[in-house]
Amino acid sequence: MAALLACSDYVPAATSGQRTAYHVLSVQPNFPVSLRSTAADRKRFWQHIETLRAMGQIEESSITRADRHKRAILVATDKVRSGCGDAANE
């Protein structure tokens, strides 16, 4: 899951609304099928996100959009991001 986040451009930290981390990551081809279907699957997705935060593999950051509004985003830590290039070359 952290690798998905590392290779994505902009993953919002929002847990509700029209564009959440779940919405962005669930359309990726290598998103786990076991987390796609039911509300219980979405709840497990958010539990995985919190586990990754606790492990230090992802963290919250912020960006300033073109309209000058700040948005909280999820980013992979350097340790996880370094593996993104290797996965893209396989």
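Observations on the structure shown:
- Residues (of a type outside the set (Phe, Trp, Tyr), free of Cβ contacts under 8 Å to residues at least 60 places away in the same chain and surrounded by 10 or more Cβ atoms within 10 Å (Cβ to Cβ)) located in the stretch 9-26: 14, 15, 19, 20, 21, 23, 24, 25, 26
- Residue 5 vs. criteria surrounded by 11 or more Cβ atoms within 10 Å (Cβ to Cβ) and at pLDDT 90 or above: no
- Helices (runs of 4 or more DSSP H) lying entirely in the stretch 16-90 (those with 1 or more residues that are at pLDDT 90 or above): 21-26, 39-55
The values are calculated or read from the model by the stated rules, or taken from the named source; none is laboratory data. A quick note: this is a predicted structure, and the numbers were derived from the prediction, not measured. Using ideal geometry, Cβ is built from the backbone for each residue, glycine included, and neighbour counts are taken over all protein chains shown.
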